[in-house]
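Taking it in order: structure first as structure tokens, then the write-up.
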Amino acid sequence: MSLKLQHNITNKHLMKKYLFTILLSLFGLSTLLAQNNSEEDLRRMFLYHFIKYIDWPDDDTNTDFNIAVLNDNTMYQLLKSTLENAERKGRKILISKINASDDIDDFQVVYIPRNQSKHFATLHKKSTDLNLLFITDKNGIIEEGSCINFKTKGNKLRFEINLKVLEERGLKVAGRLKQVAILI
């Protein structure tokens with residue numbers, strides 16, 4: 001093997017280690033992995049970091065920061081037990097469980113699990129003029145207007161970000177989040 005080829009392989013290996021270390025530190029996944037948490041726990045952790053690294057136009061208000069979970073008891077309980085009444089940029093976080101027919105005007109985030117994806121189009125139509133972050137969990141739904149979508153590649157949970165949709169909704173994504181996402 002030539003010296004140049006060995007150097008390129010070493011650089012690629014170091015770059016992969018460097019990016020993985022950034023990802024672990026950015027999302028605090030080292031603790032999660034050590035605890036052998038479920039995929040729901042990983043989604044919860046990702047969701048928490050999404051709201052840390054995205055800015056809403058109304059961030060300087062004193063109103064509550066409202067997160068809705070569509071018909072998913074497990075995620076609702078996880079979020080409620082860890083984020084309810086915590087603060088995000090000085091705003092108290094509140095977690096609500098909703099149905100597809102509920103009004104979503106007062107929410108900043110709506111999480112739609114895979115088994116509820118059939119309701120995405122209806123909720124999306126209701127919210128075109130809102131600064132609302134949709135987080136979904138179904139392959140292909142990102143192209144339908146979701147802001148962030150979980151995607152499993154192999155046995156790894158990843159996420160896609162639709163920058164165009166986020167911009168249309170008036171949401172700004174920090175560069176650190178863009179670096180670890182699959183950008184659409």
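Out of L78, L94, L70, I need the residue that is modelled with pLDDT under 95, under 18 Å from the mean Cα position of the chain (by Cα) and surrounded by 12 or more Cβ atoms within 10 Å (Cβ to Cβ). Which one?
Numbers: L94 fails: modelled with pLDDT under 95; L70 fails: modelled with pLDDT under 95.
L78 is the lone residue from the list that is modelled with pLDDT under 95, under 18 Å from the mean Cα position of the chain (by Cα) and surrounded by 12 or more Cβ atoms within 10 Å (Cβ to Cβ).
Which of the following residues is outside the structural domain of T152 (by TED's automatic domain parsing), within 23 Å of L163 (Cβ to Cβ), at pLDDT below 90 and not hydroxyl-bearing (S, T, Y): L32, L14, L26? Explain how you work it out, then say what you get.
Details: L32 fails: within 23 Å of L163 (Cβ to Cβ); L14 fails: within 23 Å of L163 (Cβ to Cβ).
Just one listed residue meets the conditions, L26.
Condition (residue is of a type in the set (K, R) and in contact with a Cys (Cβ under 9 Å, 6 or more places away or on another chain)) applied to segment 132-147: is it met by at least one residue?
No: segment 132-147 contains no residue that is of a type in the set (K, R) and in contact with a Cys (Cβ under 9 Å, 6 or more places away or on another chain).
For L130, are the conditions met, namely being crowded, with 20+ Cβ neighbours inside 10 Å and closer than 21 Å to V69 by Cβ? Before the answer, list the steps.
Numbers: crowded, with 20+ Cβ neighbours inside 10 Å: no; closer than 21 Å to V69 by Cβ: yes.
Taking the combined requirement at face value, the residue does not satisfy it.
Test N85 against the stated conditions and say whether it is at pLDDT below 95, touching a strand residue (DSSP E or B) at 6+ places or on another chain (Cβ under 8 Å), at positive phi and surrounded by fewer than 12 Cβ atoms within 10 Å (Cβ to Cβ).
It is true that N85 is at pLDDT below 95, touching a strand residue (DSSP E or B) at 6+ places or on another chain (Cβ under 8 Å), at positive phi and surrounded by fewer than 12 Cβ atoms within 10 Å (Cβ to Cβ).
Out of K125, K172, K156, K118, which single residue is among the charged types (D, E, K, R), surrounded by fewer than 17 Cβ atoms within 10 Å (Cβ to Cβ), without any contact (Cβ under 8 Å) to a residue 40 or more places away in the chain and more than 19 Å from N71 (Cβ to Cβ)?
Every option except K156 fails the conditions.
The values are calculated or read from the model by the stated rules, or taken from the named source; none is laboratory data. Computed from a predicted structure; not experimentally measured. Don't worry about glycine lacking a Cβ; one is built from the backbone with ideal geometry, like all the others, and counts go over all protein chains shown.
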